[in-house]
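The values are calculated or read from the model by the stated rules, or taken from the named source; none is laboratory data. A quick note: this is a predicted structure, and the numbers were derived from the prediction, not measured. FYI the Cβ positions are ideal-geometry reconstructions off the backbone, even for glycines, and counts take in every protein chain you see. Accessible surface areas use protein heavy atoms only, side chains included; no ligands, DNA or RNA. Shrake-Rupley method; radii C 1.70, N 1.55, O 1.52, S 1.80 Å.
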Amino acid sequence: MTRLRAPAGPVALLLTTCLLGACASTPDNRAAARVAYDPWEPLNRGVYSFNDAADKAILKPIAKGYKAVTPTFARRGISNFYDNLVTPRSALNNLLQGRPGQSFNELARFLINSTLGIGGLIDVAGHSGMQRYDETFAQTLAVWGLPSGPYVMLPFRGPRTLLDVIAMPVDFLTDPLIHYENTSIRDKLLVLSIIDVRTRLLAADRLLEDSSDPYITLRESYLQNREYEIYDGDPPIDDDFYDEFLDEGL
């Protein structure tokens, strides 16, 4: 399953990141029965409201404008470029999870797309049938058996668990774009990456707009999608729930 990733950035990246989870699955009565560990819910709701307001005021209008003026092929190329950038990080995490074959696959994808794909603008590897195995350090820690901990809503960053927060510095430092020395170009690329992710997630907005409690919808969707990613689509419980929604991702 291909998953979108974005480097850290300002203004409602929180909401865009968690909407990704909402695209992968939609809560229903069975999801409601799965009790999330959310001891900081009052604080989390306040942060969610702040990020939602910031997103509607700033990032969402920018994303809509970007989509309106940028041709589809150009947006796809930009998305491919950013997906390709984090492939070495994914290769490292696959190796740390004891999956050398998938790690090699990610390195091969990176080499093919960086050369034949013109710096990653074209997903040559994907077109040839090579699957993505997108992994983060947070997923690695979970595979190693560390508990997720409480649900956390971070300003400008999105819904997380405490384990995700602990892993954030490693994911940040293993993003190649962060280490690009030309700060002027690097900062512009970081901003564009945020706009790219938000644009790809515009279709997910209705999931929250139609919800009677968007906070709960977002929380359950994020946690379900997180578990799906950790277990590579084969979580140990509620398999029938995930199977019902596998084709609803971005």
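What to note about this one:
- Looking across segment 124-136, just one residue is buried (at least 22 other Cβ atoms within 10 Å of the Cβ) and part of a helix (DSSP H, G or I), and that is A125.
- For beta carbons closer than 7 Å, sequence separation of 6+ or different chains, a first residue in segment 204-228 that is of a type in the set (K, R) and a second that is assigned to a helix (DSSP H, G or I), the qualifying pairs are R226/G21.
- Condition check for T26: outside any loop (DSSP other than H, G, I, E, B), modelled with pLDDT under 95, among the hydroxyl-bearing types (S, T, Y) and within 27 Å of D134 (Cα to Cα): no
Per-residue answers, yes or no, for (1) in a helix (DSSP H, G or I); (2) open to solvent by less than 30 Å² (accessible area, probe 1.4 Å):
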| site | (1), (2) |
| --- | --- |
| G98 | no, no |
| Q102 | yes, no |
| A108 | yes, yes |
| I122 | no, no |
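- Selection status of R75, of a type in the set (D, E, K, R) and modelled with pLDDT of 95 or more: yes
- When segment 34-93 is filtered for residues that are among the β-branched types (V, I, T) and open to solvent by 50 Å² or more (accessible area, probe 1.4 Å), the ones remaining, listed by number, are V35, I58, I62, V69, T72.
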